[in-house]
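Asker: Starting off with a structure, shown below.
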């Protein structure tokens with residue numbers, strides 16, 4: 001059975017700016033002209049991108065948002081909690097994993113423009129997932145949350161924002 005470090009080594013994952021480890025595994029050769037995209041996109045974008053993403057217990061992916069929808073796929077390990085604050089201020093908790101009877105899902109989508117963060121909450125565990133973004137991910141469309149600003153915007157989630165921002 002592979003450990004988190006085994007996956008990091010074999011999949012050649014590196015540190016991600018938002019937390020955890022990742023590797024881009026696909027970038028569509030099809031390029032979409034920015035004039036065809038909504039104004040939230042700041043340039044041409046590849047049709048789709050995909051990454052491997054791994055979080056160990058004790059790590060988290062800090063609250064951030066991107067312009068595009070992001071599909072999350074569960075691969076291995078313990079369940080992964082993804083916290084989404086929608087544009088209308090609703091908090092949704094998505095649980096990725098294998099135990100369908102416990103409400104876990106193999107796949108979920110985070111809508112473009114939502115704030116979201118994730119963590120593995122199983123002591124000693126890890127979560128290996130994949131993320132597919134369409135139109136494709138570009139750092140120009142990425143915004144890492146400022147803790148104070150996000151808490152002012154969503155005061156009822158103060159504690160969760162404290163836990164999942166840097």
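Quick note: the coordinates plus some simple rules give every number you see, no bench work behind them. This is a predicted model, so every value here is computed, not measured. So basically every Cβ, Gly included, is an ideal-geometry build from the backbone, and we count neighbours across all protein chains shown.
Asker: In the P(r) worked out for region 1-85, what percent of Cα pairs fall beyond 21 Å?
Answerer: 40 percent
Asker: Which three lengths, in whole Å and largest first, does region 37-166 cover when its Cα atoms are put on their principal axes?
Answerer: Cα spread of region 37-166 along its principal axes, largest to smallest: 40, 34, 23 Å.
Asker: Report, as a whole number in µm² per second, the diffusion coefficient that Stokes-Einstein gives for region 100-166 at 37 °C and 0.692 mPa s using the Kirkwood radius over alpha carbon pairs. List each step's numbers first, then the result.
Answerer: Values: Rh = 14.6 Å.
The estimated diffusion coefficient comes to 225 µm²/s.
Asker: Want the number for residue 93 to residue 107: 0.36 nm per residue separation, take away the alpha-carbon distance, what's left?
Answerer: Answer, rounded to one decimal: 3.7 nm.
Asker: Further question on the same structure: Ranking 88, 6 by Cβ neighbours within 10 Å, fewest first, what do you get?
Answerer: Ascending Cβ contact count within 10 Å gives the list 88, 6.
Asker: How big is region 63-127 by Rg and Dmax over its Cα atoms, in Å?
Answerer: For region 63-127, the Cα-based Rg and Dmax read 11.8, 35 Å.
Asker: With each pseudo-label sitting 7 Å past Cα toward Cβ, what's the residue 100-residue 163 distance in nm, one decimal?
Answerer: Result: 2.9 nm between the two label points.
Asker: I've got another one for you. What is the spin-label model distance, in nm, from residue 47 to residue 27 if the labels are put 7 Å beyond Cα along the C-beta direction?
Answerer: Label at residue 47, label at residue 27, 1.7 nm between them.
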